[in-house]
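Written out below as structure tokens is the structure these notes cover.
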Amino acid sequence: MTRPLIRETEWGRVQGRALLVRGEVALGWLGVPYAAPASGTGRFRAPQPHPGWTGVRDATQFAPDVLQPLDPSVTLRPSVEGSLVLNVWAPATPGPHPVLVWFHGGAYRAGSGRLYDGREYAAQRGVVVVTVNSRLGPLGYADFAGLFGDDRFAVNAGYLDQRAALAWVSRNAAAFGGDPARVTVAGESAGAVTVNLLLRDPAARGLFAGAAAQSGGVNQLSTRENSVELAAAYARALGVTATTRDRLWTLPAAAFVRSLHTLERVRARQLNSRPTLDGAVLPGSVAELLGRPAAPVPLLAGANRDEYALFVKLPDRVFPRTDRALLTRVLTGAAGDARARAILAGYPDDPGGLVALGTDLFFHAPNDALLRAHPAPAFRYRFDWGTRFFDLGAAHGLELLFLWPRPLGLSSDVIRGGDHARRARLARAMQDSWAHFVHHGHPGPDWAAWTPEQPQVTHLTLDGLTRSVGGEARRLALWQDLLPLMP
């Protein structure tokens, strides 16, 4: 490249690098701070402005992942505390280009923006891609403020990080050739939960013009009562009490990773890291959240055909191995005995019925609720390609292997298996659709809008993109107004 890849951000200048993509060029700036490091006295604070730097900061290599356990399902790289950074990939051509801001999944306990390489979207589809790292686990989501009545602890610090990153993009996108008026927020699993929170967050209004939510609704949230109980469990694991809580600022970072592992043993059938319905940063209940008007921006939402297979067939600390008894308890608590029995009658008491029940309960029904309440054009997909790897089918997270280039490294190729040519066509079709949505607020001519009256779904298969209405009406009626929180 003849142009020096130095860009001026609000905190200082950053040096990027050129990246080759199948004969084309993308530009990358990696590990760019969007806030001050959340460590030391800032360990539990809301994200703070970065003090800035002099000279030119090197942004040619990824920063370390934010503090989290080593987890083969997400990342095996060492992590450090408080690294509030993002990565930017941009087309080599002058902008302004639309911007895709991606929030990774991982149940708010693990994950990294590093896993989602945006160079292909930048070079081949004219999109500026931003991936975000934010606080996870107890440093991001333990409700020590509620437990101790101490406002030195921010509630939902990890979500506040994500919102701060989005605000940084709005202020700085133009420096990288991005158009701050054409920002799409997107994410998968926990990242999709974040997208749905941003849609109803007055503090995020005006920061984005489109939203894409993959395999995640607002049922992965914690009530204030549950969050205080969870914080008390963390305090016990960390060996602190109300009178010794100041030790939380001086404990080594590794102690918080150990505490998460402890909770995943003693609370093995529950999510142990998630945003809190606190009544301040977020509304106080799911009903209040859904009662807020959503931002009137185009929405692309969907899930995979066999989402719950991952949690039935593989032992996994992100969401533990499950059974019908657990799902029955969750459903009965939300719907009551009579309605729960009526719903359960529609799902055989066998492995396939368990996968279908968990998929509808925790993925499709939450999407129903969000789509019904959305005030702008909405488009729904179902990812139907299934892997033979562990007989998982179209399980949770499988669509990522087609939407992003090898997010799990070499293991992506093992999971995808054979039939390379058809898989490559499906990947191109999905990437084209998502890029079209970022550019135009619509995923393309092969898609139709979803409405409660015409609940059209675009199925993503090896045979191409097909639309259907069948099957939706029954589920919409069966699960109407039901949105149980995950345990």
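Here are 175, 186: which of them is small (Gly, Ala, Ser) and either modelled with pLDDT under 95 or within 21 Å of residue 11 (Cβ to Cβ) (or both)?
Checking each option against the conditions leaves just 175.
Tell me, yes or no, whether region 1-8 has at least one residue that is modelled with pLDDT under 95, buried (at least 17 other Cβ atoms within 10 Å of the Cβ) and farther than 27 Å from residue 253 by Cα.
yes
Can you name every one of the helices (runs of 4 or more DSSP H) wholly within region 330-411 that holds 1 or more residues which are of a type in the set (A, V, I, L, M, F, W, C) and over 19 Å from the mean Cα position of the chain (by Cα)?
It comes to 337-344, 351-359.
Output yes when any residue across region 22-36 is surrounded by fewer than 16 Cβ atoms within 10 Å (Cβ to Cβ), touching a strand residue (DSSP E or B) at 6+ places or on another chain (Cβ under 7 Å) and of a type outside the set (S, T, N, Q), and no when none is.
For region 22-36, residues surrounded by fewer than 16 Cβ atoms within 10 Å (Cβ to Cβ), touching a strand residue (DSSP E or B) at 6+ places or on another chain (Cβ under 7 Å) and of a type outside the set (S, T, N, Q): present.
Can you name every residue in region 256-275 that is open to solvent by 50 Å² or more (accessible area, probe 1.4 Å) and farther than 19 Å from residue 314 by Cβ?
Once the filter is applied, which keeps residues that are open to solvent by 50 Å² or more (accessible area, probe 1.4 Å) and farther than 19 Å from residue 314 by Cβ, region 256-275 yields 258, 266.
Could you tell me which numbered condition residue 428 fails, if it satisfies all but one of (1) buried (at least 16 other Cβ atoms within 10 Å of the Cβ); (2) modelled with pLDDT of 90 or more; (3) over 30 Å from residue 329 (Cα atoms)?
Residue 428 satisfies every listed condition except (1).
Does residue 253 fit the bill of being surrounded by fewer than 24 Cβ atoms within 10 Å (Cβ to Cβ) and touching an Asp or Glu at 6+ places or on another chain (Cβ under 8 Å)?
Answer is yes for this residue.
All but one of (1) in contact (Cβ under 8 Å) with a residue 40 or more places away in the chain; (2) in a loop (DSSP other than H, G, I, E, B); (3) farther than 18 Å from residue 141 by Cβ hold for residue 243; which doesn't?
For residue 243, the exception is condition (1).
Within region 287-295, identify whether any single residue is modelled with pLDDT of 90 or more, part of a strand (DSSP E or B) and not basic (Lys, Arg), and answer yes or no.
no
Could you identify the single residue in 394, 356, 345 that is open to solvent by 20 Å² or more (accessible area, probe 1.4 Å), of a type outside the set (Val, Ile, Thr) and within 30 Å of residue 104 (Cβ to Cβ)?
After applying the criteria, what remains is 356.
The values are calculated or read from the model by the stated rules, or taken from the named source; none is laboratory data. Since the structure is predicted, the reported quantities are computational estimates derived from the model, not experimental observations. All Cβ positions, even for glycine, are placed from backbone atoms using ideal geometry, and neighbour counts span all protein chains on display. These area figures cover heavy atoms from the full protein model, side chains too; ligands, DNA and RNA do not enter into them. Shrake-Rupley method; radii C 1.70, N 1.55, O 1.52, S 1.80 Å.
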